1. Per-residue counts of other Cβ atoms within 10 Å, averaged by peptide: what ranking do you get for 134-144, 216-226, highest first?
2. Around Lys104, which amide H atoms from residues at least 5 apart in sequence, or from another chain, sit under 5 Å from its own amide H, with H modelled in the peptide plane?
3. So what is the relative contact order for the chain, in percent, with contacts set as C-alpha pairs under 8 Å and at least six apart?
4. Report the one residue of Ala148, Met68, Cys85 whose Cα lies farthest in the direction of the positive end of the charge dipole of the chain (charges on C-beta: Lys and Arg +1, Asp and Glu -1; origin at the Cα centre).
5. With θ taken as phi - 60° and the coefficients 6.51, -1.76 and 1.60, list the Karplus ³J(HN,Hα) couplings across region 168-181 in order, rounded to whole Hz; mark glycine and proline as x.
6. Arranged from highest to lowest average of other beta-carbon atoms within 10 Å per residue, in what order do the peptides 89-97, 116-124 appear?
7. How much of the DSSP bridge set in the chain is antiparallel, in percent, rounded to the nearest 5?
8. Compute, for Arg178, the solvent-accessible surface of its heavy atoms (probe 1.4 Å) with the complete set of protein chains present, and express it in square angstrom to the nearest 10.
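The values are calculated or read from the model by the stated rules, or taken from the named source; none is laboratory data. Since the structure is predicted, the reported quantities are computational estimates derived from the model, not experimental observations. Positions of Cβ are backbone-derived with ideal geometry, glycine not excepted, and every protein chain shown enters the neighbour counts. Please note that ligands, DNA and RNA were not included when accessible areas were found on the heavy atoms of the full protein model with its side chains. Shrake-Rupley method; radii C 1.70, N 1.55, O 1.52, S 1.80 Å.
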Amino acid sequence: MKPYYSTNTVTLYNADCRDALLDLPSQSVDLLLTDPPYGMAWSSKSKRVAPIRADGARQGMRVFRQAMASASAALAEDAHAFVFCHWASWPDFHDVMAPHVSLKGALVWWKNRGGVGDCEASFAPDYEVVLHGAGPKRRKLAGKRHGAVLPNFAPVLPKRRTHPTEKPVELMSFLIGRACPEGGLVLDPFAGSGATLVAAQQLGRRAVGVELEERYCEAAAVRLEAARRGEP
Ligand SMILES: C[S@@+](CC[C@H](N)C(=O)[O-])C[C@H]1O[C@@H](n2cnc3c(N)ncnc32)[C@H](O)[C@@H]1O
């Protein structure tokens with residue numbers, strides 16, 4: 001499959017990950033780090049931003065299940081896996097991951113910032129859940145033991161986003177630095193605008209990303225080139 005963008009360390013495919021992942025070499029991936037469609041039918045209030053592909057509840061889970069099945073053989077025995085999900089659907093994400101990795105816990109990315117919903121009769125949804133799994137061969141995380149709550153990563157401001165659910169590069173860097181060895185391979189099957197890939201590139205890890213929508217591949221390619229030039 002021809003990459004949409006590639007350097008000697010980062011490769012991005014404009015494809016359906018359920019197909020593209022089947023071509024990855026067996027046991028080559030050291031870290032699966034991804035932010036799949038949450039299955040929450042996200043939509044912009046302004047209607048100016050198109051909905052996220054495969055984000056309907058049933059469709060989202062089906063796509064994630066098939067993606068995990070396609071990625072499974074490519075995971076090294078000592079791989080780690082971080083998967084972002086929504087509080088309402090994390091048990092479904094857990095069940096999809098469980099046949100492929102053993103679940104080690106859940107991290108909470110505390111965004112320290114509001115969120116939508118019933119503003120007067122519910123608590124603000126100011127966090128996201130990240131499930132953490134690992135392969136059968138134990139590999140230690142780097143650094144001193146860290147708590148499961150990650151409070152120091154500000155969300156990307158709406159005016160700076162190139163994707164409606166863009167994750168901060170700094171958060172992806174933290175996870176990659178802890179769980180992927182130097183020179184190791186990071187996989188993001190739902191790459192969006194490339195936050196995982198930019199973080200991997202900056203940290204000297206290799207990375208493979210797959211994204212279905214060409215406009216997000218283009219956004220990721222632009223960001224990767226800017227990061228190579230050292231631009232913020
Ligand atoms: C939650 S977003 C990821 C955002 C990303 N973390 C970022 O920081 O920009 C999920 C992405 O998965 C893509 N997607 C949905 N189904 C896909 C599939 N079958 N294969 C590859 N990408 C897919 C969507 O187009 C969307 O951009």
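1. 216-226, 134-144
2. The list, which skips near neighbours in sequence, is His132, Gly133, Ala134.
3. Details: 459 pairs, mean separation 57.4, N = 232.
Value for the chain: 25 percent.
4. Ala148
5. Going residue by residue, I get x, 4, 4, 5, 5, 4, 4, 5, 5, x, 6, 10, 10, x Hz, with x marking Gly and Pro.
6. Details: 89-97: 17.6, 116-124: 8.6.
The densest-packed peptide leads the list: 89-97, 116-124.
7. Values: 16 of 34 bridges.
Once the DSSP bridges in the chain are tallied, antiparallel ones form about 45 percent.
8. Near enough 60 Å² of accessible area.
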